[in-house]
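See below for the structure under consideration.
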Amino acid sequence: MALLAQGIDYFGADGFPVTARRVRTEPGGRPSHPHDVTEKDHYHDFCELVLVLSGRGRHVLEGESFPVAAGNVFVVQGRQVHSFRDRDALVLVNVMYDPLRLPLPAGLLRRLPGYSALFMLEPTFRSAHRFSSRLQLDRKDLGAAEALAERIEQESSAAQPGHEAVLLGLLVELMVFLSRRYGESDVNESRALLQMGRLISTLEQRYREPWTLEQLARFAHLSRTSLLRVFRQATGKSPIDYLIGLRIEAAKRMLRQSESGMTEIALETGFGDSNYFARKFRLMTGRTPTAFRRAGRA
């Protein structure tokens, strides 16, 4: 039975949910740190960004086995059961973070096609791609990523005043660095994920435009059926529902920060019609736009 690796054991009971641990292949299989479950089947209640620094081995994920070697970078999402086997001088750095407890600038990150591809899409399609869509860093870029991970480990351990802000900044910097590198990949499977990442990035920035499903499918170079299937696998939503969600979030910002009327907000956020905007807003938030504005100023 798989073990649950709990965030409390790595972040602390009241700790900021970002940290890092270096894992070496120790003689006799000794653990590298307390709560090291590298060779045991386990899952997390947080996310883990894995940097393979040196050596080789096999990563067993959800019952499938994939070879790993120096320069590999990939994300293990919370409930995925995994372990590392047949370790041959394998050295990892695991950057652990809980996205549900962090004020990550998700909208800004998703403007990077490589972010959506590496952090959202690759974990979902890893099995289908037989791990060929992972990120592969050269020696220089791996060293730069390792340096950021080491600073995360140091800041987390020292816990000096202001370490929370530093940890969040370092995590975002590492995410952006890796996303940029993924965006440069020329591997066919990675390019396919980047194409979907570009669609997500485009929607994040051009949500006001009157997109149709047919236009989105053409943009992604997919059929309507394939787009619906792949997009839902990646995000849990249809492309149109995802687009409406972006418009609703933009409307929330305007309701909180401006005195604009409902018609103006509807037009500014891409709904086009104030009645349609009000229906969708209530459906997704449980409140009318007016009630949302009133509650935000109470």
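Let's see how each residue does on (1) over 26 Å from Ala117 (Cβ atoms); (2) in the same structural domain as Ala149 (by TED's automatic domain parsing); (3) touching a His at 6+ places or on another chain (Cβ under 8 Å); (4) of a type outside the set (Phe, Trp, Tyr):
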residue: Val37; (1), (2), (3), (4): yes, yes, no, yes
residue: Glu62; (1), (2), (3), (4): no, yes, yes, yes
residue: Asn72; (1), (2), (3), (4): no, yes, no, yes
residue: Gln77; (1), (2), (3), (4): no, yes, no, yes
Q) Do we find a residue being buried (at least 18 other Cβ atoms within 10 Å of the Cβ), out of contact with any strand residue (DSSP E or B) (no Cβ under 8 Å at 6 or more places or on another chain), closer than 17 Å to Phe125 by Cα and among the β-branched types (Val, Ile, Thr) anywhere in the range 164-172? A) no
Q) Looking only at the range 45-84, which residues are under 19 Å from the mean Cα position of the chain (by Cα) and of a type in the set (Lys, Arg)? A) Arg79
Q. For the range 52-154, which fully contained strands (runs of 3 or more DSSP E) count at least 2 residues that are in contact with a Gly (Cβ under 6 Å, 6 or more places away or on another chain), touching a residue at least 12 places away in the same chain (Cβ under 8 Å) and on the phi > 0 side of the Ramachandran plot?
A. 82-97
Q.
Return the pair list, or none, for Cβ contacts closer than 9 Å from residues in the range 1-28 that are polar (S, T, N, Q) to residues that are loosely packed, with under 13 Cβ neighbours inside 10 Å, at least 6 apart or on different chains.
A. Thr19/Ser157; Thr25/Asp88; Thr25/Ala89
(Q) under 29 Å from Glu268 (Cα atoms), touching a Gly at 6+ places or on another chain (Cβ under 6 Å) and either among the basic types (Lys, Arg) or crowded, with 20+ Cβ neighbours inside 10 Å (or both): is that true of Arg218 in this structure? (A) no
Q. Residues in the range 263-285 that are closer than 20 Å to Glu204 by Cβ and over 30 Å from the mean Cα position of the chain (by Cα): how many?
A. 2
Q) Of the residues Lys280, Lys252, which single one is of a type in the set (Lys, Arg) and touching a residue at least 40 places away in the same chain (Cβ under 8 Å)? A) Lys252
Q. So is Arg87 crowded, with 20+ Cβ neighbours inside 10 Å and among the basic types (Lys, Arg) or not?
A. yes
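Between Gly245, Gly286, Gly296, which is out of contact with any Cys (no Cβ under 8 Å at 6 or more places or on another chain), exposed (fewer than 12 other Cβ atoms within 10 Å of the Cβ) and at negative phi?
Working: Gly245 fails: exposed (fewer than 12 other Cβ atoms within 10 Å of the Cβ); Gly286 fails: at negative phi.
Result of the check over Gly245, Gly286, Gly296: Gly296.
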Q) For Gly162, all conditions in the list (1) free of Cβ contacts under 8 Å to residues at least 60 places away in the same chain; (2) at negative phi hold save one; what is the number of the exception? A) (2)
Q | Filtered residue count, the range 34-51, keeping only those that are in contact (Cβ under 8 Å) with a residue 40 or more places away in the chain, in a loop (DSSP other than H, G, I, E, B) and of a type in the set (Asp, Glu) | A | 3
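The values are calculated or read from the model by the stated rules, or taken from the named source; none is laboratory data. Bear in mind the structure is a predicted one, so any value in this text is a computation, not a measurement. All Cβ positions, glycine included, derive from the backbone under ideal geometry; neighbour counts span all protein chains shown.
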